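The values are calculated or read from the model by the stated rules, or taken from the named source; none is laboratory data. If you're wondering where the values come from, they're calculated on a predicted model, not measured in any experiment. Every residue, glycine as well, gets a Cβ built from its backbone with ideal geometry; the counts of neighbours run over all protein chains shown.
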There are 2 protein chains.
Amino acid sequence: MGRTSDARERILAAATDLFSRRSYGSIGVAEICAQAGTPKGSFYHFFESKQALALEIIDLQWNSQRGRWQRILDGDGPLVHRLKDLFAFTVEMQTASLNDAGVVSGCLFGNLSLELSTGDDPMRQKLRAIFDEQVELIRRSIEAAQALGELTTIDAPGAAKSIVAQIEGTVLFAKLFNDPGQLDQLWANSLRLLQVADS
Amino acid sequence: MGRTSDARERILAAATDLFSRRSYGSIGVAEICAQAGTPKGSFYHFFESKQALALEIIDLQWNSQRGRWQRILDGDGPLVHRLKDLFAFTVEMQTASLNDAGVVSGCLFGNLSLELSTGDDPMRQKLRAIFDEQVELIRRSIEAAQALGELTTIDAPGAAKSIVAQIEGTVLFAKLFNDPGQLDQLWANSLRLLQVADS
């Protein structure tokens, strides 16, 4: 048993690790507690359920990832360069997962969307809100680039959504083929979705 | 109990229905047999395991879907019109799922890729082969359209892959938002990935 004082953090860390490597449905509270080195009783002291824990992990991951997306998209230089940096960040995350865990774990939000979205309503609401925010962050950047005359894209919300869909579909390939190199085409494909000549 | 003579078909039908509505990991052999109205013993008479059953269902679905893809893509008329028909078929499948089961079930191959691809090797091999075939079917159509001077797309394999990724990412949104209307932009976005003006 570890110290009680950090049991909550150890449960969060163990579950984050397990959820990145296996499906949500295949992981039980007992396994999370075993990996965290905490008794099952202390789990329910901190979390109402596995779902409550998962919702907190999704929040933590999106808060961290949103910060990174904002810093990249609000940076200087032409939008297309910032998008290139955003995709480099995606490659970096998947490469880190391959190096640390031996597998490309994909996108937690996409994984849970396809595993649970027909059944788990609080999760579905949260995942919808995250993807809406991702589209919104990119849409705002596209509109700022339009205002500067950088882009001639006509439909900013549609283009933003198509880029987020392209990220999710490409991350699916990276996970299935266990190969972050699948993500290399993301930038060129996004330029096409934005109707920009390659640069 | 139903008749033994069609027990195998009833197991396949029950599992296909369950796999389209819930995650693979959440469904056990007992539940499949209960829905099929067959004793558990007869399950193992026909299938070695849940995995063996799932592999057969994936084959059946892809054989049927591949036939439809081929008929559409090998049809007459400009490629862009055939792609429009391919996406109409995708919308039709997801709308049928919404009408029949009350949920947009998404793409079985994409769902299983994100749920299982870090862990289940026979499944991963099969899913990789299916996505490779999808990319190949579209690549051949693009190259045929290039040969006719219909397209100026330079990188046919890259464009084909980006279209399949766009389908998967967009189907993810359709499932998460339980709305086949999310697929409406697929055609316009694919024309951009092919570097074709909207038509």
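In the range A:142-199, which residue that is at pLDDT 95 or above and of a type in the set (S, T, Y) is surrounded by the most Cβ atoms within 10 Å (Cβ to Cβ)?
Only one residue tops the list, namely A:S162.
Condition test on B:K126, is it surrounded by fewer than 23 Cβ atoms within 10 Å (Cβ to Cβ), within 30 Å of A:S20 (Cα to Cα) and of a type outside the set (A, V, I, L, M, F, W, C)?
Details: surrounded by fewer than 23 Cβ atoms within 10 Å (Cβ to Cβ): yes; within 30 Å of A:S20 (Cα to Cα): yes; of a type outside the set (A, V, I, L, M, F, W, C): yes.
Yes, satisfied.
Would you mind finding the one in A:E143, A:E168 that is under 23 Å from B:L194 (Cα atoms) and in contact with a helix residue (DSSP H, G or I) (Cβ under 6 Å, 6 or more places away or on another chain)?
Answer to the selection: A:E168.
Given the criterion out of contact with any His (no Cβ under 8 Å at 6 or more places or on another chain), polar (S, T, N, Q), under 20 Å from A:L183 (Cα atoms) and not assigned by TED's automatic domain parsing to the domain that holds B:G25, identify the matching residue among B:Q134, B:Q185, B:Q146. Quick ask: steps written out before the conclusion?
On the way: B:Q185 fails: under 20 Å from A:L183 (Cα atoms); B:Q146 fails: under 20 Å from A:L183 (Cα atoms).
Criteria check complete, one pass: B:Q134.
Name the pairs whose Cβ atoms lie under 7 Å apart, with the first residue in the range A:60-72 and assigned by TED's automatic domain parsing to the domain that holds A:F131, the second aromatic (F, W, Y), and 6 or more positions between them or separate chains?
Matching pairs, first to second residue: A:R68/A:F89; A:I72/A:F89.
Out of the residues in the range A:18-30 meeting the condition of being part of a helix (DSSP H, G or I) and more than 21 Å from B:D121 (Cβ to Cβ), tell me which one is nearest to the chain's Cα centre (by Cα).
Checking each candidate, the answer is A:V29.
In this structure, does A:Q51 turn out to be in a helix (DSSP H, G or I) and touching a helix residue (DSSP H, G or I) at 6+ places or on another chain (Cβ under 7 Å)?
In short, yes.
Residue-wise test of (1) buried (at least 17 other Cβ atoms within 10 Å of the Cβ); (2) more than 22 Å from A:V104 (Cα to Cα).
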{"site": "A:A14", "(1), (2)": "yes, no"}
{"site": "A:C33", "(1), (2)": "yes, yes"}
{"site": "A:G41", "(1), (2)": "no, yes"}
{"site": "A:A54", "(1), (2)": "yes, no"}
{"site": "A:G75", "(1), (2)": "no, yes"}
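Considering only residues that are of a type outside the set (D, E, K, R) and not in a helix (DSSP H, G or I), which ones fall in the range A:31-48?
A:G37, A:T38, A:P39, A:F47
Within the range B:77-112, restricting attention to residues that are touching a residue at least 24 places away in the same chain (Cβ under 8 Å) and among the polar types (S, T, N, Q), which residue is surrounded by the fewest Cβ atoms within 10 Å (Cβ to Cβ)?
B:T95
Checking A:Q70 against (1) within 20 Å of the chain's Cα centre (by Cα); (2) crowded, with 18+ Cβ neighbours inside 10 Å; (3) more than 14 Å from chain B (Cβ to nearest Cβ), which test does it fail?
(2)
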